[in-house]
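Visitor: This is the structure I have questions about; it appears just below.
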Amino acid sequence: MMSSSLISQGFIREEFLRSHLDEIIRAEDILMDVARSAGFAEERIPLFIVAVTEAISNAILHGNRQEAAKQVQLRFVWNPEDHLLTVEVRDEGEGFDPSNLPDPTESENLLRETGRGIFLMRNLADEVIFKERGRCVELRFRP
């Protein structure tokens with residue numbers, strides 16, 4: 001499901017994904033379209049896609065626990081005046097405390113198979129803000 005509305009030369013776009021990892025493939029197409037619509041340089045698009053798909057993956061796996069009845073909401077706002085793309089990824093889970101996560105760069109965590117998603121988001125986006133007790137992550141990008 002998609003809805004779009006124009007804000008002067010900017011845009012707002014919302015998408016809803018099922019809580020299934022197969023949706024990441026569909027999300028990548030959406031993200032490519034959004035990045036190009038916001039004027040991202042081609043070399044920045046893969047970094048944008050990695051950051052946002054990490055947020056989506058966390059929402060599906062950890063937030064919604066892949067429960068079929070739950071959805072992941074994506075909201076994109078492109079503000080050309082501020083040259084800012086804001087992406088919100090919202091799940092229907094219980095939330096979490098983002099300040100209480102292990103550091104994936106610590107020696108005891110280096111070989112863990114999980115725990116790098118938020119680290120990647122923080123390093124690939126210009127700003128990452130957790131809202132709604134961790135149920136919503138806002139990523140900001142300056143293309």
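A quick yes/no check of all residues on (1) among the aliphatic types (A, V, I, L, M); (2) more than 22 Å from I25 (Cα to Cα); (3) at pLDDT 95 or above:
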residue: L85; (1), (2), (3): yes, no, yes
residue: E88; (1), (2), (3): no, no, yes
residue: D91; (1), (2), (3): no, no, yes
residue: G95; (1), (2), (3): no, yes, no
residue: P102; (1), (2), (3): no, yes, no
residue: L110; (1), (2), (3): yes, yes, no
residue: R116; (1), (2), (3): no, no, no
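Visitor: Please specify each residue of segment 59-80 satisfying the condition of being buried (at least 22 other Cβ atoms within 10 Å of the Cβ) and under 14 Å from the mean Cα position of the chain (by Cα).
Guide: A59, I60, G63, V72, L74, F76
Visitor: When you go through (1) outside any strand (DSSP E or B); (2) surrounded by fewer than 18 Cβ atoms within 10 Å (Cβ to Cβ); (3) of a type in the set (D, E) one by one for E14, which number turns out not to apply?
Guide: It is condition (1) that E14 fails.
Visitor: Anything in segment 80-93 that is out of contact with any Pro (no Cβ under 7 Å at 6 or more places or on another chain) and either in a strand (DSSP E or B) or closer than 21 Å to E23 by Cα (or both)? List them, or say none.
Guide: L84, T86, V87, E88, V89, R90, D91, E92, G93
The values are calculated or read from the model by the stated rules, or taken from the named source; none is laboratory data. Quick caveat: nothing in here was measured; it's all calculated off a predicted structure. Here the Cβ is made from the backbone with ideal geometry for all residues, glycine too, and neighbour counts use every protein chain on show.
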